[in-house]
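Before any comments, here is the structure.
The values are calculated or read from the model by the stated rules, or taken from the named source; none is laboratory data. No experiment lies behind these values; they were computed from the predicted model shown. Here the Cβ positions follow ideal geometry from the backbone for every residue, glycine too, while neighbour counts run over all protein chains shown. Each accessible area value is taken on the protein alone, full model and side chains, heavy atoms only, with ligands, DNA and RNA left out. Shrake-Rupley method; radii C 1.70, N 1.55, O 1.52, S 1.80 Å.
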Amino acid sequence: MSGKTVLVSGGAGFIGSHVTVELIEAGYDVVVADNLSNCDLTCFEGVKKITGREDIPFVEMDFCDFQAVEKLYDDYKIDAAIHFAGFKAVGESVSDPMKYYHNNLVSFMNILTVARKKGGCILFSSSATVYGEPDKLPVTEEAPRKEAESPYGNTKRICEDILRDCVAAYGELKGISLRYFNPIGAHPSALIGELPRGVPNNLVPYITQTAIGKRECLSVFGDDYPTPDGTCQRDFIDIVDLAKAHVCAVERMLSGKMTARYEIYNIGTGRPLSVLELVKAFEKVNNMKLNYKIAPRRPGDVTAIWADPGKANRELGWKAERSIEDTLASAWKWEKRLAGE
Ligand code: UFG
């Protein structure tokens, strides 16, 4: 939708940079804002290269600073905001909950408060973590949300509630929460991708770092789960597919197609894959043997979760398209590029 401006908070990070590329390719003007607390400008530079746009505005700012958020909305005529700015390390949120509640809730309140004054559409990046261990699979948006396993997960749930309640009360706001399943992979250009700090928590970065020799051995956490091969099952969704869902959601908000002023969508493939199946797929597509061992279960992991993406398919007109092979090849290409190969 040309002529419309979308703010991407946390736009220099993994998901934000892929979303920025897709928005620009769909004809939007994008303002990227980030405090660079958990990333550097590598991905933002990659976004400029992929899109061939040197003029994308970048604002280094903290969304916990209310005046800075007001100034941002004054400086740019923002039609919709996608909010990614937030901390996301599950373990750290358990050891330092105050950091997580403060940063993730205050930054979201600030953006909502300003968007309310300026008349705003807000897209919130939520997570399938709000479902906990689901009673029924695949999981639909109507499934009950469970007690969060971590303060990080709780901030996702609380922000969803804040958005729902504010949209209900203030006619000038519209909102969508996208509940992501497990985003993996990288842009096919290998110019942007995930840059985990320190030892990765997530499976795919751990696999690629093991494959490149940065880590000695992947630990597969638990092979005694009640699943077909005993390892946990997840819905791994390609990062570019996931990014495209944001374009569809923004389009829906701005074109007045929403049927309610607050909507929720699952963003997943609908296809379960176990940890071992993913490891095997990685080995096959990249033609290598991965060093891995079975280790004890990781506390807090759910056994199995995958999406029913039907609502997003029907109402957003969006569907995950990339194969797991292409996604894992892109993850490996990105890791090799980081290693300078
Ligand atoms: N796993 C391993 N070894 C590893 C890393 C992960 O076996 O080194 C397994 C996990 O036990 C799990 C699966 O791979 O069964 C996926 O783990 P990830 O950490 O990649 O992803 P999660 O499903 O735990 O994480 C998701 C989101 C997070 C979110 C979290 C909340 O990706 O952003 O749910 O619990 F915070």
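For the stretch 305-328, the condition holds for at least one residue, the condition being that it is away from the ligand (no atom under 12 Å from the Cβ), in a strand (DSSP E or B) and closer than 30 Å to VAL6 by Cα.
What residue, among those in the stretch 154-175 that are within 20 Å of the chain's Cα centre (by Cα) and either within 16 Å of the ligand (Cβ to nearest atom) or of a type in the set (Ser, Thr, Tyr) (or both), is nearest to ALA249 (Cα to Cα)? This residue is GLU160. Taking the stretch 106-145, which residues are within 16 Å of the ligand (Cβ to nearest atom) and within 30 Å of PHE66 (Cβ to Cβ)? Of everything in the stretch 106-145, those that are within 16 Å of the ligand (Cβ to nearest atom) and within 30 Å of PHE66 (Cβ to Cβ) turn out to be PHE124, SER125, SER126, SER127, THR129, VAL130, ARG145. Just checking, does the stretch 314-321 include any residue being at positive phi, of a type outside the set (Asp, Glu) and at pLDDT below 95? Within the stretch 314-321, none of the residues are at positive phi, of a type outside the set (Asp, Glu) and at pLDDT below 95.
Among the residues of the stretch 129-153, which ones are within 16 Å of the chain's Cα centre (by Cα) and open to solvent by 10 Å² or more (accessible area, probe 1.4 Å)? Within the stretch 129-153, THR129, TYR152 qualify.
Among residues of the stretch 259-285 being more than 21 Å from ALA329 (Cβ to Cβ), hydrophobic (A, V, I, L, M, F, W, C) and within 22 Å of the chain's Cα centre (by Cα), the one that is farthest from the ligand (Cβ to nearest atom) is ILE264.
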